[in-house]
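A short worksheet on the structure shown next.
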Amino acid sequence: MKSTKYLLIGGGLASSQAAKQLREQDPQGPITLVGAEPHVPYDRPPLSKEFLRGEKPRAELFFDPEQYFHDHDINLTLGIAVRQLDLASKTALLAEGEASAVENALTPTGGRPVSLKLPGGDLPGVYYLRTLDDSAAIAAEAGPGKRAVIIGAGFIGMEVAASLTQRGVRVTVIEAQPHIWARFADATLAGFFQDYCAQKGVIFHTSEMVAEVRGQGRPSSVVTRSGTELPCDFVCIGVGIVPNVELAQQAGLEIDNGVLVNEYLQSSHPDIYAAGDVANYLDPVFGKRRRVEHWGHAEYCGQLAGQNMAGARAPYDLLTYVWSDIFDLHLEFAGDEQEHDRVLVRGRFEDKAFTILYLKDSVLRAYFAINAGSKEFPPLQRLIRGKKDLTGKEAQLQDPAFAIKGLL
């Protein structure tokens, strides 16, 4: 039976970062990275943007070439999933039956798209976007004059809608909520984005559910529950992801909306760590458990887990953030907008450059910036971390000519 000191279960960003930290901290310890996909770790954000639009070649998606792993003595096992993790015997069983003894393991197993059980939902030409191969298949469908229906208007749905529109595809978006991004955006902010995208050619059907996908062999239309029939050549579904907790659950680790971890990213078993989309972690800034699906969080978790697996005791201390690009609008978000009692607008919607500020009890909790200057982000993040009372500072917060750092 083979053996490894560090087993990284998953071929994404977190595993890639963990491997680098482990090799830096432990030059000799055997490292094995197992990924279910046949590719070395690659960058996912371009899959709905630059790569989908044909602006970034496939080769530029990969963080490191395969040779990098060989040069740093990191064993790659790709195209094969870990089927079982036995904590009692500290062994991992691969899908092909091979077993390996393990000292420490990281489970950044990510997530999978929420699957809609629709009549016709399994037709060729109905896509979910999660992997490089998914994006390549959607890109192959795209072309001037093609018609696409996007089901779901979250970040992924809107990024795909924008990218396909930029490739000449006629795009219709169906959203179950009254407006896009209902979880964090009010009708005014959502209306700004919907109107902007509509001006670019995107058609929206909100407060609508899909009843079925029709077609003989391939989609020819999508029918909503209200009876509207929308002709199409292909369909993309993006209604969220489900964390891949099955391996951890089977191993007996504590699960609750992801794999429960402590401040060091250790699971309920001290030698097993979790990172990225699957980790339910203790957020020190907001004093509660969270599970987030952000690139920056996955990068940070991978680095932190790698350090701690190699013997460090560094606690999680990241203010989570996310970014997106929709047409020529660049979005930057940081913090936790779920709990707020006041929303301020810094700047004007008309200028297509503004920042939404989310406050609770006069303390800044989060910001959502559109085409805003990046120099404002560090002081805004310091205000969030410092939990400073901003009572009476509302006018300054809303004045884009006032330097935010003056409130620190």
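Odds and ends about this structure:
- With a Förster radius of 51 Å applied to the C-beta separation of Glu98 and Asp256, the computed FRET efficiency comes to 0.95.
- Each other residue within a Cβ distance under 14 Å of Leu282 adds +1 if Lys or Arg and -1 if Asp or Glu, for a net charge of -2.
- Stretchable slack from Phe349 to Val114, in nm (0.36 nm times residue separation minus alpha-carbon distance): 81.3 nm
- Length added when fully stretched, Gln396-Glu339, from 0.36 nm per residue minus Cα-Cα: 18.3 nm
- Cut-off under 5 Å, modelled amide H: who pairs with Tyr127 long-range: Val235, Cys236, Ile237
- A cut-off of 5 Å between modelled amide H atoms, ignoring neighbours fewer than 5 places along the same chain, links Arg112 with Val242, Asn244.
- Cα-projected label distance for Ser226 with Arg385, points at 7 Å along beta-carbon direction, nm: 4.7 nm
- In nm, spacing of pseudo-spin labels at Leu408 and Arg183 (7 Å Cα→C-beta vector): 3.1 nm
- Relative compactness, the range 148-258, computed as alpha-carbon Rg over 2.2 N^0.38 Å: 1.25
- Under 5 Å from the amide H of Leu106 lie the amide H atoms of Leu7, Leu8, Ile9, Tyr273, each residue being 5 or more positions distant or on a separate chain, with H modelled from the backbone and absent for Pro and chain starts.
- 11 Å beta-carbon shell around Pro379, net charge (K/R +1, D/E -1): +4
- Förster-model FRET efficiency, 35 Å R0, His70 and Asp317, C-beta, rounded to 0.05: 0.55
- Note on the chain: antiparallel DSSP beta bridges, both residues inside, total approximately 60 percent of the bridges counted.
- Springs between Cα atoms under 10 Å define the GNM used for the chain, and in it the highest mean-square fluctuation of Val213, Val160, Val343 occurs at Val343.
- When you filter the GluC sites (Glu not before Pro) in the range 329-388 for DSSP loop state and at most 13 other Cβ atoms inside 10 Å of their Cβ, you are left with Glu339.
- In order through the range 198-207: 3J(HN,Hα) via Karplus (6.51 cos²θ - 1.76 cosθ + 1.60), integer Hz, x for Gly, Pro: 5, 5, 8, x, 6, 9, 10, 10, 9, 6
- Taking every alpha-carbon pair under 8 Å whose residues sit at least 6 apart, the chain reaches a relative contact order of 14 percent.
- Each other residue within a Cβ distance under 11 Å of His297 adds +1 if Lys or Arg and -1 if Asp or Glu, for a net charge of -2.
- For the range 255-352, relative contact order (Cα pairs under 8 Å, six or more residues apart, normalised by length) works out to 21 percent.
- In order through the range 83-97: 3J(HN,Hα) via Karplus (6.51 cos²θ - 1.76 cosθ + 1.60), integer Hz, x for Gly, Pro: 8, 8, 10, 9, 6, 5, 9, 6, 10, 10, 10, 7, 4, 8, x
- Net length available on complete extension from Arg218 to Ser3 is 72.7 nm, with 0.36 nm assigned per residue and the Cα-Cα distance removed.
- Among the protein heavy atoms of the range 361-408, carbon and sulfur supply 50% of the accessible surface, probe 1.4 Å, non-protein parts ignored.
- For the range 43-103, trypsin sites (Lys or Arg not before Pro) meeting the loop criterion (DSSP other than H, G, I, E, B) and having at most 13 other Cβ atoms within 10 Å: none.
- Estimated vicinal HN-Hα couplings, Hz - the range 8-17 in sequence order (Karplus 6.51, -1.76, 1.60; Gly, Pro = x): 10, 9, x, x, x, 4, 4, 5, 4, 5
- Only Cα pairs under 8 Å and 6+ residues apart enter the sum, and on that basis the relative contact order of the range 11-163 stands at 25 percent.
- In the range 268-321, trypsin sites (Lys or Arg not before Pro) in a DSSP loop with at most 12 other beta-carbon atoms within 10 Å: Arg313
The values are calculated or read from the model by the stated rules, or taken from the named source; none is laboratory data. Note that the coordinates shown come from a computational prediction; the quantities given were computed from them, not determined experimentally. Ideal geometry is used to build each Cβ from the backbone, glycine not excepted, and the neighbour counts take in all protein chains shown. The accessibility values were calculated without ligands, DNA or RNA, using every heavy atom of the protein model including side chains. Shrake-Rupley method; radii C 1.70, N 1.55, O 1.52, S 1.80 Å.
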